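I have placed the structure first, in the form of structure tokens, so that the comments after it can refer back to it.
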Amino acid sequence: MLTPSFSCGFAVIVGAPNAGKSTLLNKLLRCKLSIVTPKPQTTRKKITGIYHDERRQIVFLDTPGIMQPRQKLHESMLAITRQTLQEADVVIALIPYTKGPSGFDAEFSRELFESWLKPVSKPVIAVLNKEDLVSPEERKKTEGEIMKRFSPAGVLSVSALNGTGLEKLVHTITPFLPMTEALYSEEMLSTAPERFFVSEIIREKIFLLYGKEVPYATEVVIDEFREQHETDPSKKDLIRCSIIVERDTQKQILIGNRGSALKKLGQAARSDIEELLGRPVFLELFIKVRPDWRKKQSFLKSYGY
């Protein structure tokens with residue numbers, strides 16, 4: 001039963017690539033929902049994660065990192081971030097601590113606040129990430145500098161990786177949540193379907209297992225998702241996926257010598273997919289070449305951008 005003080009609303013997480021947005025979302029939900037790799041620009045689409053407790057429901061929206069676009073894919077990713085900001089009741093501007101006199105990337109932060117956040121006129125909480133890398137004195141100084149320069153509605157420090165400061169973040173968000181009833185049931189962690197997270201898991205493994213340009217030239221499309229266990233418990237679910245690349249050389253790298261690399265990819269992905277779904281699956285991966293798909297609007301549209 002809801003208490004009179006119950007709150008609900010949308011909190012959008014924005015920042016530079018590799019600022020720790022996906023790590024923050026996962027730690028808040030205590031579940032690996034958004035894929036995380038050491039490489040930048042891993043997140044390409046909006047990821048919805050739903051936080052519940054007895055006083056609030058926060059619908060967190062993880063977004064692609066803000067960067068200078070070099071192709072149409074990047075432009076589509078930035079458009080997703082701009083559109084998602086319109087859905088916000090409150091914005092979390094995630095800014096990592098850095099070495100240097102200001103303690104943070106002042107140039108990017110100025111662009112973030114002035115070009116991205118000021119036009120949408122939403123309350124902004126500046127969240128300085130990786131607080132474990134600086135002293136308490138440095139934290140206080142940097143938080144004061146952020147408040148002085150950008151005047152956000154709030155400023156605090158966290159470590160998304162270690163999970164420190166997150167309870168304070170949740171309490172700081174709460175006053176900006178406008179609704180008094182939950183939008184989703186307590187069992188829901190996301191509004192995205194299972195097939196979306198399956199494709200994300202495969203993309204994550206590609207980022208982790210392959211180097212250089214291959215992960216960035218890759219898209220994963222679910223061609224078939226047949227839940228056979230519902231009609232016959234003895235059968236595994238069937239998942240067929242196309243891995244899209246831009247060149248034949250990238251295809252050969254993905255496949256590897258006698259298919260060894262693709263086999264390793266399939267095994268790693270299947271293990272995480274089975275953990276996600278809680279049941280065994282039969283996973284088939286096919287490699288398809290679509291020249292310059294990242295630069296062509298027709299391909300981007302068909303892949304959900």
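The values are calculated or read from the model by the stated rules, or taken from the named source; none is laboratory data. Fair warning: this is a prediction, and the values are worked out from it, not measured in the lab. Reconstructed Cβ throughout: ideal geometry from the backbone, glycine too, with neighbour counts over all protein chains shown.
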Exercise for the section: Exactly one condition in (1) assigned to a loop (DSSP other than H, G, I, E, B); (2) over 26 Å from residue 73 (Cα atoms) is not met by residue 213; state its number. Expected result: (2)
Practice task
Please state which one of 195, 203, 270 is within 24 Å of residue 304 (Cα to Cα), out of contact with any Phe, Trp or Tyr (no Cβ under 9 Å at 6 or more places or on another chain) and not in a strand (DSSP E or B).
Solution key: 203
Practice task
Might you check whether a residue that is assigned to a helix (DSSP H, G or I) and either modelled with pLDDT of 95 or more or more than 21 Å from residue 284 (Cβ to Cβ) (or both) occurs anywhere in the stretch 220-240?
Solution key: no
Exercise for the section: May I ask you to list the residues in the stretch 116-136 that are in a helix (DSSP H, G or I) and more than 19 Å from residue 168 (Cβ to Cβ)? Expected result: 116, 117, 118, 119, 120
Handout entry: Any hit, the stretch 289-297, residues being touching a strand residue (DSSP E or B) at 6+ places or on another chain (Cβ under 9 Å) and either free of Cβ contacts under 8 Å to residues at least 12 places away in the same chain or not in a helix (DSSP H, G or I) (or both)
Key = yes
Practice task
Looking only at the stretch 123-144, decide whether some residue is of a type in the set (Gly, Ala, Ser), in contact with a helix residue (DSSP H, G or I) (Cβ under 9 Å, 6 or more places away or on another chain) and either within 22 Å of residue 86 (Cβ to Cβ) or without any contact (Cβ under 8 Å) to a residue 60 or more places away in the chain (or both).
Solution key: yes
Exercise for the section: Restrict the check to the stretch 112-122 and report whether at least one residue is in the same structural domain as residue 64 (by TED's automatic domain parsing), in contact with a strand residue (DSSP E or B) (Cβ under 6 Å, 6 or more places away or on another chain) and within 21 Å of residue 53 (Cα to Cα). Expected result: no
Completion exercise
Every listed condition ((1) closer than 28 Å to residue 132 by Cα; (2) at pLDDT below 95; (3) more than 15 Å from the chain's Cα centre (by Cα)) holds for residue 4 save (1)
Handout entry: Residue check for residue 265: over 23 Å from the mean Cα position of the chain (by Cα) and either surrounded by 14 or more Cβ atoms within 10 Å (Cβ to Cβ) or in a loop (DSSP other than H, G, I, E, B) (or both)
Key = no
Fill in the blank from the handout: Residue hits (the stretch 21-35; of a type in the set (A, V, I, L, M) and within 18 Å of residue 158 (Cα to Cα)) are 24, 25, 28, 29
Practice task
Scan the stretch 241-250 for residues that are more than 13 Å from residue 283 (Cα to Cα) and either free of Cβ contacts under 8 Å to residues at least 12 places away in the same chain or under 26 Å from the mean Cα position of the chain (by Cα) (or both) and jot them down.
Solution key: 244, 245, 246, 249, 250
Fill in the blank from the handout: Given the conditions (1) farther than 19 Å from residue 270 by Cβ; (2) under 26 Å from the mean Cα position of the chain (by Cα), every one holds for residue 231 apart from (2)
